[in-house]
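Read-outs: derived from the displayed coordinates by stated rules, not from any lab. None of the values given here were measured: they were computed from a predicted structure. When we count neighbours, we look across all protein chains shown, and the Cβ atoms used for this are built from the backbone with ideal geometry, even at glycine.
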Amino acid sequence: MDRRSGWAVALAPLVLPLFCALTAGAQIDLSGYWAFRVKDGGVLYMQLQQTGENVVSVAQAGRPAGRPGALTGTLHEGRLHLVSTGPRATAFDGAVDAADRIAVTMQATGRDPVKGTLERVTREEAFPVRLPLPEVRDVADNGLARTPPMGWNSWNKFADVFDDATVRQMADAMVTSGMSQAGYTYIVVDEGWTSGRDAAGNITGNGKFPDMKALAGYVHSKGLKIGIYSSPGPQSCSGKMGGGYQGSYGHEEQDARTFAAWGYDYLKYDWCSAGEIYGPTREEHQAAYQKMGEALLKTGRPMVFSMCQYGVGDVWKWGAKTGGNLWRTTIDIADRWDSMDRIGFAQLDIAGYAQPGHWNDPDMLEVGNGGMTAGEQRTHMSLWCLLSAPLMAGNDLRSMSEETKSILMNPDAIAIDQDRDARPVVRLAQQGKSEVLVRPLAGNAFAVGLFNRGDQPAEIGFRWDALKFNTGLYGFRRLQARDLWKHEPVEVAGDSYTATVPGHGVVLLRVAIASGRGL
Ligand code: GLA
């Protein structure tokens, strides 16, 4: 429903009586359901209850406490003043001159003031009732993502502060920087592109994304593919003012058809406010994702299905059944060593669940975003490649340093990630903060990562014969090894290899049976 355009018409008959009531000094009763909307910034729903001049927001069953945060305040002499409690106090202030629509300024502590509008809405819009979920059944494989998807996603760098032009420039840069040549293909528009729905219930772009179909056309014209973002819940996760953008709840098939008609190739589907509707069980998650997985298949357009529910219910065990091509296994990554380190190494136990078409997703890359040293970023890239993780760059592709490019576009690291055998990485050894990870590769080769998770340099090594080559009838043959960050051969001598690995650093090797021709 386009409440905005419908407003003038709906309000007209009310204006005169309302004016009379206001001038007569009658107090407006704000009790009821409201949406606080910010231009291009999403929506925050609340239920207000007014007693005399006191106004409070009422907690709703099923809504996590603190969202929007308990509001208390007054409507005094035509001025509404509401304040939320909690760590980041937020004030809403506005002059009430209409019973159903109030211009309000929101001021969160430490943030710029945001102008928006409180609009009266139905209970169902503010707090949707639970719709039935389908019976759990296996969704057919869509045949996509035979190797881990590679691309770029807006979230890590821009959050929801970006627009159509940013995305087009990123597509341009994907090509001119050499990223597309290196294998990066998908440009994914994360949270921040929706406004709401039109009168027919079709999801609509906001002022920053006026024509999502044209945007897809532009990205395709660059020889790339494009992704879009939604949620099984009514709203996405954050938005500028603590609310969220439009999700696909109750419109799953309609939205899948829209995304297909616009020409999208990839959907990131983020749990977010679905937690206010459905329970936290594996069954509820599976059914909710299956609903969209089936809807995407039904469109007939190939669309990669990227599940984002942070690993709830061991998603790696059932994500493929919903039609998922990749599934987030963790909460959000941050651009810091400790976050990347914790998330990355926690993936080893579940590495065996990744398979062609269905990948564990330890979240997008933070390479090039400034929060980690070059060495830490090489560790990040090496680990993600050993894990067969989707490689979704999360930096500004328009302004990459040579160092960033050398990390994101290291062809040897990418070849490990994209290895057609997709065999799982295993931990060969762990001692203190040192880890040796090994992954068998197609063509009778191995990738070996010597990781130093500690702060000080460490000697890390492994025995060559720990790599179980298939030597067949011919017995043991000579090995050849290459350092994939130094881009030079490594001498294979003696029983073992040992390197001094800097703190938070990695040595990444490819070891193969010598061809006789040297390296
Ligand atoms: C969640 C996801 C992120 C991003 C944001 C958008 O936190 O995990 O990757 O999509 O939502 O709000």
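What to note about this one:
- Helix 282-299 axis, angle to the chain major axis (alpha carbon atoms, nearest 10°): 90
- Percentage relative contact order, the chain, counting C-alpha pairs under 8 Å, at least six apart: 11
- For the chain, the calculated P(r), taken from all Cα-Cα distances in 20 Å bins from zero up to the bin holding the longest distance, is 21, 47, 25, 6, 1, 0 percent.
- Cα-based equivalent ellipsoid, segment 358-402: semi-axes from gyration tensor eigenvalues, Å: 19, 12, 8
- P(r), alpha carbons of segment 390-475 - 10 Å bins starting at zero, rounded %: 14, 34, 36, 14, 3, 0
- What separates the Cα centres of segment 282-320 and segment 350-395 is a distance of 21 Å.
- Residue-span extension gain [Arg88 to Asp495] - 0.36 nm each, minus C-alpha spacing: 140.6 nm
- Ranking of Thr379, Thr147, Thr122 by count of other Cβ atoms within 10 Å, fewest first: Thr122, Thr147, Thr379
- The ranking of Trp464, Trp327 from fewest to most other beta carbons within 10 Å of each one's beta carbon is Trp464, Trp327.
- Its residue count N sets the reference 2.2 N^0.38 Å, and the alpha-carbon radius of gyration of segment 134-261 equals 1.11 times that reference.
- The convex hull around the C-alpha trace of segment 227-350, projected and averaged over every direction, spans 8.1 square nanometres.
- Footprinting exposure proxy for Arg482, Arg137 (fewest neighbouring C-beta atoms within 10 Å first): Arg137, Arg482
- Estimated from helices alone, the mean residue ellipticity of the chain at 222 nm is -7000 deg cm²/dmol (sum of -39500 (n - 2.57) over DSSP H runs with n ≥ 4, per residue).
- Peptide packing for 96-107, 405-416, 388-399 was compared via the average number of neighbouring C-beta atoms within 10 Å per residue; ordered from the highest value, the list is 388-399, 405-416, 96-107.
- Full-extension gain in nm, Glu488 to Ser221, via 0.36 nm per residue minus C-alpha separation: 92.3 nm
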